[in-house]
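Participant: Before we start, here is the structure in question, set down as structure tokens.
Every number here is computed from the coordinates shown, using simple stated rules; none is lab data. Small disclaimer: the values here were computed from a predicted structure and weren't measured.
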């Protein structure tokens, strides 16, 4: 008879655990290559993420709102980061060369001998 009070407590504990676990679903994103548990099917939103170096990368936010509770996973695609940095550097250097040419032309214009016209030829 000593074990009888423990049986209802153990039964209540066992029944409550699966009930809470059944509310969550496993969501798999094949395009972003991950699996996560959400309370229900999340909504997917495309975003643009700006890195600290000024490169804009594509991404997705997978989210689910349940009253005051919000669950979210952000995925940023860094697969092209080297190519994007190389393009950014090429653009920067290209603009630098343009500015360098303009500066050289301005320097030449300032240091070129200035002609004062026919009056300057007379002694």
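Participant: Would you work out the relative contact order for the range 23-78, in percent, from Cα pairs under 8 angstrom that are 6 or more residues apart?
Facilitator: Working: 90 pairs, mean separation 14.1, N = 56.
Rounded, it is 25 percent for the range 23-78.
Participant: Additional query: Just round it to a whole percent: the fraction of Cα-Cα distances in the range 23-78 exceeding 17 Å.
Facilitator: Value for the range 23-78: 41 percent of Cα pairs lie more than 17 Å apart.
Participant: Sticking with this structure for a sec: For residue 53 and residue 37 in one chain, what is 0.36 nm times their gap in residues minus the Cα-Cα distance, to one decimal in nm? Could you put the intermediate results ahead of the total?
Facilitator: Working: separation 16, 0.36 × 16 = 5.76 nm, distance 3.25 nm.
Difference between extended and current length: 2.5 nm.
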